[in-house]
Amino acid sequence: MKKKILSMMCALAIIGGTFIGTGVDTKASETVIVDGSELTHAEQSVGKTATGARGIHTLEGECCVTKKGKGKIYVSAATTAHHKVDFIQACLRVDRYNESTGRWGQIHYQEGTARNNYYINTTNTLNVKSGYYYRCRGEHFCGMDRDPSYEYSTSITNGIWID
């Protein structure tokens with residue numbers, strides 16, 4: 001009798017676990033991702049270049065968007081090289097999500113460039129329209145003048161909601 005009761009309890013635990021797991025999957029399916037960026041209500045989002053994007057010169061690229069109050073965001077992009085390079089650049093693009101079209105549209109662009117350095121960053125605080133998601137995209141370049149081309153990689157943040 002004890003074996004039968006124990007067997008029934010195990011069966012109920014397995015069935016209950018299946019339903020609980022299904023509930024978690026349902027919540028995960030509510031996540032909205034548009035063109036590689038999840039729409040969130042986080043205070044900040046950071047995007048980094050893929051580990052495989054590292055090259056002979058490039059170590060890492062990063063971009064960031066942070067809430068700074070009502071209708072205000074702080075944005076940045078940085079490129080880091082393994083060593084001092086002839087040319088290094090960080091390009092920063094800021095996008096706003098348009099819910100009616102389901103697309104991101106660029107609202108701001110800036111870049112930082114340096115020569116004979118291993119690091120460059122560019123930052124800005126922007127006044128933006130409230131009631132939208134905003135994200136950053138970074139483009140990262142570096143290399144030596146004697147090389148036929150520069151190394152290039154990208155980074156992207158998730159979208160954060162700005163009140």
Note to self: with every protein chain in place and a 1.4 Å probe, region 64-161 gives an accessible area per residue in Å² of 50 Å²
Once Lys and Arg are counted +1 and Asp and Glu -1 for all other residues with Cβ under 10 Å from that of Ala77, the total becomes -1
Taking Cα pairs closer than 8 Å and at least 6 residues apart, the relative contact order of region 60-155 in percent is 35 percent
The summed charge of the Gly131 Cβ neighbourhood (under 14 Å; Lys/Arg +1, Asp/Glu -1) stands at +3
If the chain between Thr113 and Met144 were fully extended at 0.36 nm per residue, the gain over the current Cα-Cα distance would be 9.8 nm
Within region 126-155, the residues whose backbone N lies under 17 Å from a label point placed 7 Å from the Cα of Asp163 along the Cα-to-Cβ direction are 128-134
Rounded to one decimal in nm, the spacing of the 7 Å Cα→Cβ label points at Ser130 and Glu99 is 1.5 nm
At q = 0.11, 0.14 1/Å the base-10 log of I(q)/I(0) from the Debye formula over the alpha-carbon atoms of region 61-144 is -0.33, -0.50
Ordering Ile88, Ile56, Ile107 by the accessible surface of their heavy atoms, 1.4 Å probe, largest first, yields Ile56, Ile107, Ile88
Placing each pseudo-label 7 Å from Cα in the direction of the beta carbon, Leu39 and Thr123 end up separated by a distance in nanometres of 3.0 nm
Note, Arg115: beta-carbon cut-off 11 Å, +1 each Lys/Arg, -1 each Asp/Glu, net -1
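The values are calculated or read from the model by the stated rules, or taken from the named source; none is laboratory data. Everything numeric here is computed off the predicted structure, so don't read it as measured data. When we count neighbours, we look across all protein chains shown, and the Cβ atoms used for this are built from the backbone with ideal geometry, even at glycine. We work out accessible area using only protein heavy atoms, side chains counted, and drop any ligands, DNA or RNA first. Shrake-Rupley method; radii C 1.70, N 1.55, O 1.52, S 1.80 Å.
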